[in-house]
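Coordinate-derived values only; no laboratory data. Please read all numbers here as calculations on a predicted model, not as lab measurements. Here the Cβ positions follow ideal geometry from the backbone for every residue, glycine too, while neighbour counts run over all protein chains shown.
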């Protein structure tokens, strides 16, 4: 019986940080990030307060921040062992790098294939 109790206690202790208060705190952070994204998209970009070429990197950074909070707290990755975290985070970083390289390459091809106006 004591081993069952210890296993149950260990499983509970592993996610002790996810209290109702912490869940509400993470929810409010995600809500705040989303509100900032909407303000940029619906108010600042149309009025040219923030140019589109600056808004896009801001969206990407804010989206990655939201993804971090979702994965870390709601998918409980923050409470996992380092090996598991690295096995998930390292491929994601490579994918992000690939997306950035392909985005840069696509801009090159758009400019290259744009018809020349005389």
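Observations on the structure shown:
- Residue separation of residue 44 and residue 26 scaled by 0.36 nm, minus their Cα-Cα distance, works out to 3.9 nm of gained length.
- Sorting 69, 108 by the number of Cβ atoms found within 10 Å of their own Cβ, with the fewest placed first, yields 108, 69.
- Cα-projected label distance for residue 102 with residue 58, points at 7 Å along beta-carbon direction, nm: 2.7
- Square roots of five times the Cα gyration tensor eigenvalues for the stretch 38-77, Å: 27, 9, 4
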